[in-house]
Amino acid sequence: MRTIAAFDYEPPADTLIRQLKTQLRLSAAPVLARLLAHAVWSDPPPAALLLVPVPSSRASLRRRGLNPAGEIARGLAQHLDWPLLRGTLLRRRETPRQTTLGRRARQQGAQGVFHCRRDLSGRDVGLVDDVMTTASTADAAARALLAAGAASVTVLVAARTPRPD
């Protein structure tokens, strides 16, 4: 699974993510989308991708009133002129907040969480998320997209936790 990230999730860039997720500053989403678009332009996939945002949990949607990945995906679709498929990926069940879990718990908790409600036969998909930490969410979501027939899944994230040296 190929991943394209705009930046590492560390200061000062992580401030933009926190502004969107915790301070609910929607103005951060277009900035994140533009940064991610630049990362895609510097390492483009062979063809346009169908953009599918990772859905937030119901609890997160209630708390925030928005899906950060969806907001980033909306701006990214505009910058890249790629189609955006909202509501394509669904959560089958709720999961604990990922920030409270370790790597193993994240991997176990993410298994089978997502379901794709569209036929994606032969299509190349860009899975959009705000932050990639352990890749557990991306792996589980990509499995659901591939099970729905996607030919390939490229993960597009605004930020990725730096890998240890």
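Listing 71, 10 from the residue with the fewest other Cβ atoms within 10 Å to the one with the most, what is the order? Before the final figure, lay out each step's value.
Working: 71 20, 10 11.
Result, fewest neighbours first: 10, 71.
Which ordering of 119, 8, 130 is given by a fewest-first count of other beta-carbon atoms within 10 Å? Let's see the in-between values first.
Numbers: 119 10, 8 13, 130 26.
Ordered from fewest to most neighbouring Cβ atoms within 10 Å, 119, 8, 130 come out as 119, 8, 130.
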Placed amide H near residue 50: partners under 5 Å, 5+ positions off or other chain: 124, 125, 126
What helix-only [θ] at 222 nm does the chain give? Using -39500 (n - 2.57) per DSSP H run of at least 4, over all residues, to the nearest 500, the answer is -11500 deg cm²/dmol
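In the chain, what % of DSSP beta bridges are antiparallel (nearest 5)? Show your work: numbers first, answer last.
On the way: 3 of 22 bridges.
So the antiparallel bridges in the chain amount to around 15 percent.
Using only the Cα atoms of the chain, build the gyration tensor, take square roots of its eigenvalues as a ≥ b ≥ c, and label the shape rounded, prolate or oblate: rounded if a/c is under 1.5, else prolate if a/b is larger than b/c, else oblate.
On the way: a/c = 1.32, a/b = 1.04, b/c = 1.26.
It is rounded, given that a/c, with a ≥ b ≥ c, falls under 1.5.
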Return, ordered by residue number, the residues of the range 29-68 whose backbone nitrogen is under 17 Å from a label point located 7 Å along Cα→Cβ of residue 117. 52-59, 61-62, 67
Given charges at Cβ of Lys, Arg, Asp, Glu: the range 31-83 dipole, positive-most of 79, 61, 50: 61
Taking 7 Å along the Cα-to-C-beta vector as the label spot, tell me the residue 3-residue 42 distance in nanometres, rounded to one decimal. 1.7
Residues in the range 131-165, backbone N under 16 Å from the label point at residue 79 (7 Å along the Cα-to-beta-carbon vector): list them, ranges by number please. 131-132, 155-160
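Every number here is computed from the coordinates shown, using simple stated rules; none is lab data. Every value quoted in this text rests on a predicted model; they were computed, and no experiment measured them. Glycine also receives a Cβ, built like all others from the backbone with ideal geometry; neighbour counts cover every protein chain displayed.
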